[in-house]
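Shown next, in structure tokens, is the structure this report addresses.
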Amino acid sequence: MNRVMEDNSSLKIAQKDIMAAEGDFRQTNAILLPNISVSHTGIATNNPLMAFGTKLNQQIVTQADFNPDLLNNPNQIEDYATRFEIQQPLLNFDGLYQRKAAKAKLTASEYQSGRTRDYLMLEVEKAYMQLQLAYKTVEVLEKTKEAAAENKRLADNSFKQGYLQKSDVLAVEVRLTEINNQLQYAKSNIYNASNYLSVMMNDSTYQVMIPVDSLKVFPNDFTMENVSENRKDILAMESAKEAYYQMYRADKMSFLPKLNAFGSYELHDDQVFQGSANGYLFGAELRWDVLNGTKRFGKAHKSKAEFEKSKLELEQYKSQSQVELNKARRMLQDTKNNLELTSQALNQSREALRIRSNRFAQGLEKTTDLLLAETQYAQKQLEYYFTIFQHNSAVAYVEFLTKE
């Protein structure tokens, strides 16, 4: 479990989603913090207006510069300007709500990542139980194989003594071959379960794993009847709904005017990276886009529809989650009942095999009846352990559905 929580690729992807949402949220700092830029520009011109303005910026205008001939036909002049500019948002109501929406989106990503962790914990638990079941299946089939081999030995002896026909011996051999075939599939399942766990741990060595404990019945005592409002996936959808709501409010606030301050400081000279003359400018702008070709109306209409849709999706998801929980609880109860029945059937088939084995050793039982009892006992063992797996999987799934 620790390896998966540290190295699983899905969790790393979820973490990158959180980082992306954090990036979106940090971008909204632009509505609070100033935008500062620095530039250095070089120009050369003989344009009358530009040339005179450049001399003014460099603070080198003299009386001779007012000569009409020089004003109308100036010589080329060069200017190198270093400019510091600042823009400071003061009132941007739509930006504030966009920031709230980005924050809600970040919260949703964090909740979704937490739910991904919960789901991976469930998957690890189920994969580990599959590994336990695979080993238990191999254990049962190996014992069955030993019993079948002993029956074959008895059948061979009885055949040599004339108590059994060749067809009976062949039937025992066929049964032994079937067990070997089943055993091979069971061993393959060990590799499959091990590989799946390796993938979840992001381990490329694909080692064959051995569970540290055996398959046993999980206790369960669930009292929660309804899906919790504090489940992480539901909280994620609540946050997503909040993000849509804030975007809708931001689009409505875009109809209000915006107030921004601005300022600049400039250095001018006819040499690169010099600044013998300087000047500044500052002010504020109140801007109101009265009509933007009805674009804002359409955007607000769309964001309202998306908000209403998110509310409906949340309610639908809650209903589906409740149905899933009810179904899982019924499945758990069914597996508990089935566990009792398979346990009884296992005990009965064990006793039946013991009786028939003793009678067969004494030559009082048919070979077909012994093989049937042996097959039934092996099946009941496998059914019992598979039912334990189903029960434990149901317990884990109900825990997942009710986890806050």
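The values are calculated or read from the model by the stated rules, or taken from the named source; none is laboratory data. All values derive from a computational prediction rather than experimental measurement. In this analysis, Cβ positions are derived from the backbone assuming ideal geometry, glycine residues included, and neighbour counts consider all displayed protein chains. In case anyone asks, the SASA skips ligands and DNA or RNA and just uses the protein heavy atoms, side chains included. Shrake-Rupley method; radii C 1.70, N 1.55, O 1.52, S 1.80 Å.
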- Message: Go through region 28-66 and report how many residues are surrounded by 12 or more Cβ atoms within 10 Å (Cβ to Cβ) and more than 23 Å from Val272 (Cβ to Cβ).
- Response: 8
- Item | Whichever residue in region 17-27 is open to solvent by less than 50 Å² (accessible area, probe 1.4 Å) and in contact (Cβ under 8 Å) with a residue 60 or more places away in the chain and, among such residues, is nearest to Arg117 (Cα to Cα) | Ile18
- Message: Considering only region 192-201, I want to know if a residue exists there that is modelled with pLDDT of 90 or more, open to solvent by less than 40 Å² (accessible area, probe 1.4 Å) and not in a helix (DSSP H, G or I).
- Response: yes
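Any residue that is under 30 Å from Thr375 (Cα atoms), in a helix (DSSP H, G or I) and open to solvent by less than 20 Å² (accessible area, probe 1.4 Å) - is there at least one of those in region 98-116?
No, region 98-116 has no match at all.
Being more than 30 Å from Gln161 (Cβ to Cβ), open to solvent by 30 Å² or more (accessible area, probe 1.4 Å) and assigned to a helix (DSSP H, G or I), is that true of even one residue in region 373-380? Steps first, answer last, please.
So the first thing to find is which residues in region 373-380 are more than 30 Å from Gln161 (Cβ to Cβ), and the list is 379-380.
Those left that are additionally open to solvent by 30 Å² or more (accessible area, probe 1.4 Å): 379-380.
Add one more test, that the residue is assigned to a helix (DSSP H, G or I), and what stays is 379-380.
Yes: one or more hits.
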- List, please: which pairs have Cβ atoms under 8 Å, are six or more places apart or on different chains, and start with a residue in region 160-179 that is under 12 Å from Ala148 (Cα atoms) and end with one that is in a helix (DSSP H, G or I) and of a type in the set (D, E, K, R)? Val169/Lys152; Val169/Asp156; Val172/Lys152; Glu173/Lys152; Arg175/Glu374; Leu176/Lys145; Leu176/Lys152; Ile179/Lys145
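Rundown of residues vs (1) part of a helix (DSSP H, G or I); (2) closer than 30 Å to Asn72 by Cα; (3) not charged (D, E, K, R), yes/no style:
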position: Arg3; (1), (2), (3): yes, no, no
position: Ala14; (1), (2), (3): yes, no, yes
position: Ile18; (1), (2), (3): yes, no, yes
position: Phe25; (1), (2), (3): yes, no, yes
position: Asn29; (1), (2), (3): yes, no, yes
position: Leu33; (1), (2), (3): no, no, yes
- Restricting the search to region 195-216, which residues are aliphatic (A, V, I, L, M) and under 21 Å from the mean Cα position of the chain (by Cα)? Leu197, Val199, Met200, Met201
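If you go through region 286-301, how many residues are assigned to a strand (DSSP E or B), of a type in the set (D, E, K, R) and either surrounded by 10 or more Cβ atoms within 10 Å (Cβ to Cβ) or at pLDDT below 85 (or both)?
0
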- Task: Taking Leu339 as the residue in question, decide whether it is within 20 Å of Leu141 (Cα to Cα), among the aliphatic types (A, V, I, L, M), open to solvent by less than 80 Å² (accessible area, probe 1.4 Å) and in contact (Cβ under 8 Å) with a residue 40 or more places away in the chain.
- Result: no
- Which of (1) open to solvent by less than 50 Å² (accessible area, probe 1.4 Å); (2) not in a helix (DSSP H, G or I) is the odd one out, the single condition Pro219 does not satisfy? (1)
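If the requirement is being modelled with pLDDT of 85 or more, under 18 Å from Leu176 (Cα atoms) and not hydroxyl-bearing (Ser, Thr, Tyr), which of these qualifies: Lys366, Lys380? Before the answer, list the steps.
Details: Lys366 fails: modelled with pLDDT of 85 or more.
After ruling out the rest, the residue left standing is Lys380.
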- Determine whether Ala171 is part of a helix (DSSP H, G or I), more than 39 Å from the chain's Cα centre (by Cα), small (Gly, Ala, Ser) and farther than 30 Å from Asn92 by Cβ. yes
